[in-house]
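Enquirer: So that we are looking at the same thing, I have put the structure below in structure tokens.
Throughout, read-outs are computed from the coordinates displayed, never taken from laboratory work. This one's a predicted model, so the numbers in the text were calculated from it and none came from an experiment. As a convention, Cβ positions derive from the backbone with ideal geometry for all residues, glycine included, and neighbour counts pool all protein chains shown.
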């Protein structure tokens, strides 16, 4: 039995900010640091009428066929941006995507790791099914909170990745036994309230690398010694910002005795193609490794079906997981047919002032008992980027009950 | 490797990774951040030093260190 990802896509909204514009507006941000170390170029921006529900639905709708809707018997949404502490985002996604009633659905949380855990649990569930047509829909949906005037402001963003998991892994096939995982309780990055996002940056960088060491050692303990450079055609690393995979890759290459120059050349050859979308969307949270897989399949010219790649997922708190997979038969053609580059380029460019005001308005809408889509700036971006696009948007909140409609 | 050699190694790695430090006298009672090292610079300096010393340690312990001397002391204890 083969199991893995059959379809995969991303929804990154309809608005963007160019990071050089942001850097020019902030005296405290160093342009060279943002460009060469963080490696941020653009970010997606979300108006108050987008949330974890709209992102998830707008991603999933793009890949689901009527046949898929009949086959999906499990829906899991991973998010740290939930709109409710009790009612899961998956319930809205289930209804608004038109899934059948005989379907389990729930939401999971483990910072940027949760959706990788969900993927593996869903795959284990698939492996127990007698009916080979059953499928699982797994989504990660997250967006940054208000980062205005913080040192980490250039890293903000968000998106939803949606994937169909089945016994027809046309994108990525993986062996559930070829995996290593590692955990250690730490408060490196967390969201203690529905409006707050805390970054203990230095601790989080160290914790990420400890988790990479621990998960990779467990991987080798499980499957035997691995020649890291020879075993994998490409490497995907979780990217809290696009510059972090360079550190992660150099860490992995440390036993090979490469010079700094050789290690960076190896990174350019084996990792950088996976970061094209991350540089343009910003932080993808638990969707990061899947966004990076999309970027790799869309960009790499020396990748083909059957190639083995490695993937490292990391979630603050913390959990690391290192696993490997095989590029599927239809992966490259399927992803390139999505025209994701054009979709990203078509996002409406915001001024820094409009971005700042949208962030303030979005924060005000969080936890609101009553909210209406009425504001000159919100109307302006709706007309410029959403009207007629048939995307799900939040229409209103009345007594905390959320109403959605199609744009 | 002696403590002084490990200190020299850390300072050398600082000068390789942080701009405009070539001719600066480094005071080990100060933090790397005092010399303009970013969080990523510090990770790279520490990783390079660990690779050279061929030692591994939980990096999260490093977040508690106050200055360069604290780092060197930890490395001396770990490497010995």
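Enquirer: Show me, bin by bin at 10 Å from 0, the whole-percent P(r) of region A:88-190 based on Cα pairs.
Expert: Each 10 Å bin holds this share of Cα pairs: 11, 37, 33, 16, 3, 0.
Enquirer: Taking the Cα centre of each part, how many Å lie between region A:346-407 and region A:258-336?
Expert: What the calculation gives is 32 Å, centre to centre.
Enquirer: Continuing with the same structure: Over chain A, with a Gaussian network built from C-alpha contacts below 10 Å, which listed residue (A:310, A:44, A:184) shows the highest mean-square fluctuation?
Expert: Largest GNM mean-square fluctuation: A:184.
Enquirer: Further question on the same structure: When a footprinting reagent is the concern and you count Cβ atoms within 10 Å, what order do B:30, A:7 take, fewest first?
Expert: On the way: B:30 13, A:7 25.
If I rank by nearby Cβ atoms, fewest first, I get B:30, A:7.
Enquirer: Quick check on chain A: what are the equivalent-ellipsoid semi-axes from the Cα gyration tensor, as sqrt(5λ), descending, whole Å?
Expert: On the way: eigenvalues 193, 141, 72 Å².
One finds semi-axes of 31, 27, 19 Å for chain A.
Enquirer: If you average 1/r over every pair of different alpha-carbon atoms in region A:1-128 and take one over that average, what Kirkwood value in Å do you get? All intermediate terms of the calculation are to be shown ahead of the outcome.
Expert: Numbers: mean 1/r = 0.0587 Å⁻¹.
Evaluated on region A:1-128, it is 17.0 Å.
Enquirer: Let me know the mean shielding of A:253-265 by other chains, meaning the per-residue number of their Cβ atoms within 10 Å of its Cβ. Display every interim value, and only then the final one.
Expert: Numbers: counts 1, 6, 2, 0, 1, 0, 0, 4, 0, 0, 0, 0, 0.
Counting Cβ atoms of other protein chains within 10 Å of each residue's Cβ and averaging gives 1.
Enquirer: Follow-up question, since we're still on this one. In a GNM of chain A with a 10 Å cut-off on Cα contacts, which of A:111, A:122, A:262 has the highest mean-square fluctuation?
Expert: Fluctuation is largest for A:262.
Enquirer: How many angstrom separate the Cα center of region A:54-78 from the Cα center of region B:33-80?
Expert: The distance from the Cα centre of region A:54-78 to that of region B:33-80 comes to 46 Å.
Enquirer: For chain B, what relative contact order do you get, as a whole percent, if you take Cα pairs closer than 8 Å and at least 6 residues apart?
Expert: On the way: 56 pairs, mean separation 33.9, N = 80.
Reported as a whole number, the value is 42 percent.
Enquirer: How far, in degrees from 0 to 90, does helix B:39-53 lean away from the longest principal axis of the Cα atoms of chain B, to the nearest 10?
Expert: So the helix axis and the longest Cα principal axis differ by about 50 degrees.
Enquirer: How big is Rg to Rh over region A:175-330, alpha-carbon atoms, Rh as the Kirkwood inverse-mean-distance radius?
Expert: Rg/Rh for region A:175-330 comes to 0.96.
Enquirer: To the nearest 500 deg cm²/dmol, what mean residue ellipticity at 222 nm is calculated for the protein assembly as shown from DSSP H runs of n ≥ 4 alone, each contributing -39,500 (n - 2.57), summed and divided by the residues?
Expert: Values: 18 runs with 184 residues, N = 487.
Value at 222 nm, helices only: -11000 deg cm²/dmol.
Enquirer: Return a whole-number percent for the relative contact order of region A:175-330, with Cα pairs under 8 Å and 6 or more residues apart as the contact set. Don't skip to the end; give the middle numbers.
Expert: Numbers: 250 pairs, mean separation 54.8, N = 156.
That works out to 35 percent.
Enquirer: Then there's this: Going from the alpha-carbon gyration tensor of region B:3-79, what semi-axes, largest first and in whole Å, does one get by taking the root of 5 times each eigenvalue?
Expert: On the way: eigenvalues 64, 33, 29 Å².
Ellipsoid half-lengths, sorted descending, are 18, 13, 12 Å.
Enquirer: Rounded to the nearest 10 degrees, what's the angle between the helix B:3-17 long axis and the longest principal axis of chain B, both from Cα atoms, 0 to 90?
Expert: Relative to chain B, helix B:3-17 is tipped by roughly 50 degrees.
Enquirer: Could you please rank A:97, A:85, A:318, placing first whichever residue has the fewest other Cβ atoms within 10 Å of its Cβ? Don't jump to the answer; show the numbers that get you there.
Expert: On the way: A:97 21, A:85 7, A:318 26.
Listing A:97, A:85, A:318 from fewest to most nearby Cβ atoms yields A:85, A:97, A:318.
Enquirer: Inside 10 Å of the C-beta atoms of B:31-44, what's the mean count of C-beta atoms belonging to other chains? Show your work: numbers first, answer last.
Expert: On the way: counts 0, 0, 1, 0, 0, 1, 0, 7, 10, 12, 2, 3, 9, 7.
Per residue, the average neighbour count from other chains is 4.
Enquirer: Let me ask you something else. What number, in percent, do you get for the relative contact order of chain A if the mean sequence gap of Cα pairs under 8 Å and at least 6 apart is divided by its residue count? Kindly include the intermediate steps, with their values, before the conclusion.
Expert: Working: 882 pairs, mean separation 98.8, N = 407.
In percent, rounded to a whole number, it is 24.
Enquirer: Right, here's the next one. With viscosity set to 0.692 mPa s and temperature to 37 °C, compute the Stokes-Einstein D of region A:221-290, Rh being the Kirkwood radius across alpha carbon pairs; µm²/s, no decimals.
Expert: On the way: Rh = 12.9 Å.
The calculation lands on 254 µm²/s.
Enquirer: Among DSSP bridges having both ends in the protein assembly as shown, what percentage is antiparallel? Round to the nearest 5. Walk me through the numbers on the way to the answer.
Expert: Details: 46 of 64 bridges.
Bridges in the protein assembly as shown that DSSP calls antiparallel: roughly 70 percent.
Enquirer: Moving on. Arranged by the count of other C-beta atoms within 10 angstrom, fewest first, what order do A:163, B:14, B:1 take?
Expert: Details: A:163 30, B:14 23, B:1 13.
Fewest to most other Cβ atoms nearby, the residues stand as B:1, B:14, A:163.
Enquirer: On to the next question. Of A:197, A:321, A:308, which is the most mobile in a GNM of chain A whose springs link Cα atoms less than 10 angstrom apart?
Expert: A:197
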